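Encoded as structure tokens, the structure appears first; notes follow it.
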Protein chains: 2
Amino acid sequence: MSVQERKQRERAERERLIVATARELAEQQGWDAVTTRRLAESIEYSQPVLYSHFRGKREIIGAVALQGATELAVAVRASTAAADGPRERVAALARAYLDFAERNPAVYDAIFQLDGGLAYAQEDTPEPLKDAFAALLECLGEVAGDGVQPGLFTETFWACLHGLVTLTRAGRLPPHETGPRVELLVDRLAVL
Amino acid sequence: MSVQERKQRERAERERLIVATARELAEQQGWDAVTTRRLAESIEYSQPVLYSHFRGKREIIGAVALQGATELAVAVRASTAAADGPRERVAALARAYLDFAERNPAVYDAIFQLDGGLAYAQEDTPEPLKDAFAALLECLGEVAGDGVQPGLFTETFWACLHGLVTLTRAGRLPPHETGPRVELLVDRLAVL
DNA sequence: GATCCGATCCTAGCACCGCTAGACAAGAGA
DNA sequence: TCTCTTGTCTAGCGGTGCTAGGATCGGATC
């Protein structure tokens, strides 16, 4: 049985390599540059090997998204844990979120913009995605205010951050005043 | 000179046809389905004709975006003109914006998500885009509150609406509670 | 009216894309 | 050592955006 186990290990290792390489390529040159040919060449296998791990390019994007969601949850929780007081926690969360998007634009797109074949906001939503939302909810639920459901408030606040990220990154908003915009959001939306 | 004039008219007419057809195709089957081959076939010309009007597919998307921005500005102004009082005006604007995005998803993407080769938030930004932002500013600038620049407030409010639109349309937010989310935005962000 | 010439359009093709069928080789088990 | 499964690769399909170069059509000129 040891032979099969070794093969399984090697397969899993190669799968990690595919995801990591796709992510790297996407961050360096954008998702458009992540073609199955280039990806295959980068991992030093032929194209069809990719399809023995994933149904297609979409599933590879999905795998990157799940990895990214896990990291985003960690980053958000770390930022809020280190902050004192509700206002500072919300501000820290917002900064951490924007920071993640800025540092990992391709991963951010995989999670929130591209089609990775994942289910969102449903029962069969993968755990990393649920957990990333939960990380937001843990902090933002506290400042929803009376008569506003924590979930609804979190969704709305999150949407605002997402709007800032995408409009800025798409060149629709000048980037230099992101700070004041976020402050405005925190001050007005959160009930402290 | 009349012959040249006629030819110019026909050329302009064909250009309108290209843009209208691209828009229609995109709304019906999504931008991925708007290929140069399909588009050429729809207007009953060969592919290279498209390139005698536009540098490439990107510029066609840009043309649709400009058309859409003009319509968005009209829709926003119409909604705010028909509303009484600041709060009702802001709420009407938000509804009109979301309504436009829902009714014209492909056009919305052309304006705010896709690369149409247009300059945004710069001096050489095309007039329709500037005017669409101006339409938002006219209404939202009134409710920015003390010490907050109207432009900055408009950008932030707009980003929130944009976040709601994109997350909802990408399946990241359940669509049925859009109403309460918008109410939350209007009540908290606008200073009445 | 015949001829010329420039504008206009189309055919055919490039390099690339995601994806897959089928040939082939390597290695485990008898 | 031989067989057979498993895994990998080559080659190719139909599609993409885009373009070079030839054909054709129509207005201007003699």
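Using Cβ point charges alone (K and R +1, D and E -1), the dipole size of the range B:93-156 about the Cα centre works out to roughly 180 debye. Note on chain A: with a GNM built from Cα contacts shorter than 10 Å, the maximum mean-square fluctuation among A:GLY62, A:GLY163, A:GLY147 falls on A:GLY147. Would you kindly calculate the translational diffusion coefficient of chain A, applying Stokes-Einstein with the Kirkwood radius from alpha carbon pairs, for 20 °C and a viscosity of 1.002 mPa s, and quote it in µm² s⁻¹ without decimals? Answer, rounded: 118 µm²/s.
Considering only B:ALA106, B:ALA144, B:ALA159, the Gaussian network model of chain B with Cα springs below 10 Å gives its largest mean-square fluctuation to B:ALA159. The mean number of Cβ atoms from other chains found within 10 Å of a Cβ in peptide A:143-155 is 3, as a whole number. Position A:SER46: other-copy label points at 3.8 nm, ordered by increasing distance, label point 7 Å along Cα→C-beta. Mind telling me which of A:LEU167, A:LEU50, A:LEU118 comes out most flexible in a GNM of chain A, alpha-carbon contacts under 10 Å? Sorting by GNM fluctuation, first place goes to A:LEU167.
In a simple Cβ point-charge model (Lys, Arg +1; Asp, Glu -1; nothing else charged), the range B:58-189 has a dipole of about 380 debye relative to its Cα centre. Averaging 1/r over each pair of different alpha-carbon atoms in the protein assembly as shown and inverting the result gives 22.8 Å, the Kirkwood hydrodynamic radius.
If you find the alpha carbon centre of the range A:129-192 and of the range B:98-121, how far apart are they in angstrom? Spelled out, the Cα-based centre of one part sits 22 Å from the other. Remark: label point of A:ARG103 defined 7 Å out from Cα along the Cα-Cβ vector; separations to the same position in other copies 4.4 nm, ascending. D by Stokes-Einstein for the range A:1-53, Kirkwood Rh over Cα pairs, 4 °C, 1.567 mPa s: 111 µm²/s.
Let me know the volume per residue of the alpha-carbon convex hull for the range A:44-155, in Å³. Given the Cα convex hull of the range A:44-155, per-residue volume reads 107 Å³. Of the residues B:ALA12, B:LEU25, B:TYR45, the one whose Cα sits farthest towards the positive end of the charge dipole of the range B:1-53 is B:ALA12 (charges of +1 on Lys and Arg Cβ, -1 on Asp and Glu Cβ, taken about the Cα centre).
Taking all Cα-Cα distances within the range A:53-119, those exceeding 14 Å account for 59%. Inter-copy label distances at B:GLY85, shortest first and taken from points set 7 Å along Cα to Cβ: 3.4 nm. When the solvent-accessible area of the protein assembly as shown is split by element, carbon and sulfur atoms take up 50 percent of it, the probe being 1.4 Å.
Applying a 4.7 Å Cβ-Cβ cutoff to the protein assembly as shown leaves A:CYS139, B:CYS139 as cysteine residues with no disulfide-compatible partner.
The values are calculated or read from the model by the stated rules, or taken from the named source; none is laboratory data. All figures in this text were calculated on a predicted structure; none of them were measured in a lab. Note that each Cβ is placed from the backbone with ideal geometry, even for glycine, and that neighbours are counted across all protein chains shown. Surface accessibility is based on the protein's heavy atoms, side chains included, excluding ligands, DNA and RNA. Shrake-Rupley method; radii C 1.70, N 1.55, O 1.52, S 1.80 Å.
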